[in-house]
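Notes for the one structure printed next.
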Amino acid sequence: MARTFALQPDDPNTVAEPSQADMNEAEALIAGLNEAQAEAARTTEGPVMIVAGPGSGKTRTLTHRIAYLLAAKKAWPSQILALTFTNKAAREMRERIVKLVGAEQAKGLWMGTFHSIFARLLRREAEHIGFTKDFSIYDTDDTERLLKNLMGRYGVDPKKITPRAVRSRISGAKNQMVTPQEYLRLAADPFEEAVAKLYGPYVEALRRANAMDFDDLLAWPIRLFEQHPDVLAQYQQRWKYLHIDEYQDTNRAQYLLAKMLAAKHQNLSVVGDDAQSIYAFRGADIQNILSFQKDYPEAKTIRLEQNYRSTQKILKLADAIIKNNTGQLDKDLWTDNAEGDHVVLLEALSERDEAQKIERTIRDLQIRYGLGNRDFAVLYRTNAQSRSLEEALRRGGIPYRIVGGTSFYQRREIKDALAYLRLVVNPQDEASLVRAINTPTRGIGAKTMETLRSYANATGLSLWQAAQQPEEAGLSSRAAKAVEGFTFMIARHAAKVETTPADELARELIQASNLMQALRDENTPEALVRLENIHELLNAVAEFAQSGENATLSAFLQEVSLVADVDNLQADDNRVTLMTLHASKGLEFKVVFVAGLEEGLFPLSMAAQDPKELEEERRLFYVGVTRAEELLFLSFARSRYRYGESQGAIRSRFLDEVQAEDVIRTESGRAFQAKTGRFSLDDGDGFTQARSTSGSRTRRTADYAQIDPHYYRQSLRPDAPKPSRRSTGDDERQIVYDEGEVAIVPGVRVQHPSFGSGKVIALEGTGDRTTATVFFKDVGQKKLKLKFARLQVLG
DNA sequence: AGAATGGACTTTTTT
DNA sequence: AGTCCATTCT
């Protein structure tokens, strides 16, 4: 039957009562769901919270719910808003809905991340808040550059207080809707005072630049809605049904937006898992999901507890992990899936060894089970860990792909090119002006820029305007000419923005900028890669320009600022995936490795200090483990490079606190033994005390066979020479001696005059600056400078 | 003004 | 080990 309503997307009021036929059709769409999922899909009116464990089909449920709404004709597509965590999730959801109800019926649905949806909204409403629709979007890199600039002018020393710290504090303040004035009033310590000094000027700088940072994309809509209730009313009317995926990761601003928008119809349904909340550092507030029922007393709570993804053993481990946290919402995960193989714990000598074991295991499983590269993912805590894994995979000839790290749009050459494009669209964009004006070098140095800036300050002009009057600004004729050449080039292209197709304009402009010529002249392999990247960017512009009617350059730039690296993950690309645990959320793989399970790394030593952060790390572990469908490997290394030197490591407490020893096996198939009382003397870490053999600052290479003859049975590299005692190979462990005879080395028990007895977890630095992280039984973890701490080695 | 060199510092996770 | 920055050299 022909349904035409999807073709009149903006007609707000006329949705007919569903006929019996419509309802039958809607029911047919959700026939494949389980009982709880179907109930969630059917509960279309009023607030609903779907509490769902990993692998329980929550996205599927959300998708079917939307399809159900459409089929039952409860709403036009344009009346449905779905907010997801990544663009990828939104894209997949849209694809599935298209499959369910057809492309015509799905057309006009609003789906995307909070940031992209509200960027779109701000584009429409920009003039209400004094921006133009062509505003630039500053990512963290842009933001930190801008801040650094401001720090110079406001006398804050970037050595003592890093732009990153300031950025993160300001971001927090914006999330909480704290204004610069309020912040200034509340500032309590020197750091906060410094932030307070910068916060106001930072906000003004963004405004002058017609630019928004990520937080603004959420904060400005809130302000807009507060100041213009009529605009809010319009969107409340438009979006009759609101869906939020990964609700546990929403921050205060997102919470407020959801509340404002849902106020009229109250049809807010959220999906989330408090056990998977891993973005508190970014302002995510787990309370949003924990107190949903309080915020919306009418709300119906539906639990999805059946897991369709993982084997029983994997699930059992996951459950045992999360049990160590307090205060989760009640959930009882279960699965009909097979029992599955044991979770395997890989123990390695060094990070290199760890990577090699992973690589070998991948090859082995591929042969044994005929798995493809795409079936594997290696997850780790920090991006820096990817290097050793990459090397091993490259050596083994296994194609891989890295998600995250520096993504395409963060590369220097791409940001340079983007700066030109942004500037042409939005000449007020000062950060882009500063970036582009002397890249490639065209004789406009620091002094010239200083002159321009003080002229701008004195006259109240923007930097761009000042740059257009170089002589009045007092520049030498040579400098003035250089600046003029630049401004003319930008202005010439800016004049054509409205009339020229985006790709053509971009191509011409980049050509005129000489960016590519400079790279060609450099003629190094790296420069040629960069050149290729710029070509790729121009292709992306072209592709975008041909994609639709509103495909302007300015729209391209805004969109591009908001793509995450995971968004580009393609399943048809047959490669092993390497990524951080954070990036893995929402994904699944047949075989998963969680690497680097070491104290100080996972959990990170910073996080281990604070129980709250420690719980978040644990949830992160939980997220990683539950990505696995069939096989799960956990690994740790006994030494790892950090700050350019190898440091000893002990395995993560996460391995030993877990009450599921029976699901874990070692590599050789033996039972896994958790270490209880790991901070007691007899902890079986396998560290023997090193003896000083030649003077007071002897180093000992890591002859692991000596440390624990049993743990490492077969040689990995039978042909490799045995590490000599003098070797400075990469398995070397840093050892520092105090005045006495005995080494202070990670794993060793020490006595402190006031803190009592404890255990060394990590060492950092060298010489007088050597700092030990020690876990004391009574007072917890402390960082101590060895020079001062007078530690006595016990035993 | 710009390139080259040497030293300090670094690593949390990201829309 | 790599990156960023300040200083020095051209």
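Read the figures in this text as sums done on the coordinates, not as results from a lab. Note that the coordinates shown come from a computational prediction; the quantities given were computed from them, not determined experimentally. Don't worry about glycine lacking a Cβ; one is built from the backbone with ideal geometry, like all the others, and counts go over all protein chains shown.
Some points to look at:
- Seen from all directions on average, segment A:61-170 presents a Cα convex hull projection of 9.7 nm².
- The label-point distance for A:S547 and A:D141, in a model that sets each label 7 Å from Cα toward Cβ, rounds to 2.0 nm.
- For segment A:413-454, backbone nitrogen atoms closer than 17 Å to the point 7 Å from A:F488 Cα along Cα-to-C-beta are found at A:442-444.
- Projected label points at A:R575 and A:L371, each 7 Å from Cα along the beta carbon direction, are separated by 1.9 nanometres.
- Computed extension length for A:E35-A:E536: 175.6 nm, one decimal, from 0.36 nm per residue of separation with the Cα-Cα distance subtracted.
- Once the convex hull of all Cα atoms in segment A:368-410 is built, its volume per residue stands at 94 Å³.
- Using the Cβ of A:G596 as centre and a radius below 13 Å, the other residues enclosed give a net charge of +1, where K and R count +1 and D and E count -1.
- Cβ-defined net charge surrounding A:V529, 13 Å radius [Lys, Arg +1; Asp, Glu -1]: -1
- Packing-based ranking of A:65-77, A:663-675 yields A:65-77, A:663-675, ordered from highest to lowest mean Cβ neighbour count within 10 Å.
- Where labels lie 7 Å past Cα in the beta-carbon direction, separation of A:T459 and A:H128 in nm: 3.6 nm
- GluC sites (Glu not before Pro) within segment A:274-379: DSSP coil, no more than 13 neighbouring Cβ in 10 Å: A:E298, A:E339
- Mean separation of Cα contacts under 8 Å, 6 or more apart, over the residue count of segment A:333-466: relative contact order %: 14 percent
- When you filter the GluC sites (Glu not before Pro) in segment A:534-624 for DSSP loop state and at most 10 other Cβ atoms inside 10 Å of their Cβ, you are left with A:E549.
- Directionally averaged projected area (segment A:373-493, Cα convex hull): 10.9 nm².
- Once the Kirkwood radius over Cα pairs is known for segment A:285-325, the Stokes-Einstein relation at 20 °C and 1.002 mPa s delivers a diffusion coefficient of 169 µm²/s.
- On full extension, the segment bounded by A:N568 and A:K612 gains 12.6 nm, given 0.36 nm per residue less the C-alpha separation.
- Full extension of the chain segment joining A:L528 with A:R442 gains 28.9 nm, where the gain is 0.36 nm per residue of separation less the Cα-Cα distance.
- Here the calculated FRET efficiency for A:T162 and A:E17, from their Cβ-Cβ distance with R0 = 51 Å, stands at 0.30, rounded to the nearest 0.05.
- According to the Kirkwood relation over distinct C-alpha pairs, the hydrodynamic radius of segment A:538-615 is 16.3 Å.
- Taking Cβ atoms as reference points and 14 Å as the exclusive limit, the residues near A:R478 contribute a net charge of +1, counting Lys and Arg as +1 and Asp and Glu as -1.
- In this structure, the pairs whose alpha-carbon distance is over 21 Å, taken from A:K58/A:K612; A:K107/A:K240; A:K88/A:K331; A:K58/A:K99; A:K88/A:K259, are A:K58/A:K612; A:K88/A:K331; A:K88/A:K259.
- Put simply, the convex hull of the Cα atoms in segment A:59-123 casts, on average, a shadow of 4.0 nm².
- FRET efficiency, A:A233 to A:E450 (Cβ-Cβ, R0 60 Å, nearest 0.05): 0.75
- Take every pair of alpha-carbon atoms less than 8 Å apart whose residues are at least six positions apart; their mean separation over the length of segment A:76-228 yields a relative contact order of 26 percent.
- FRET efficiency, 1/(1 + (r/R0)^6) with R0 25 Å, evaluated for A:T666 and A:T406 via beta carbons: 0.10
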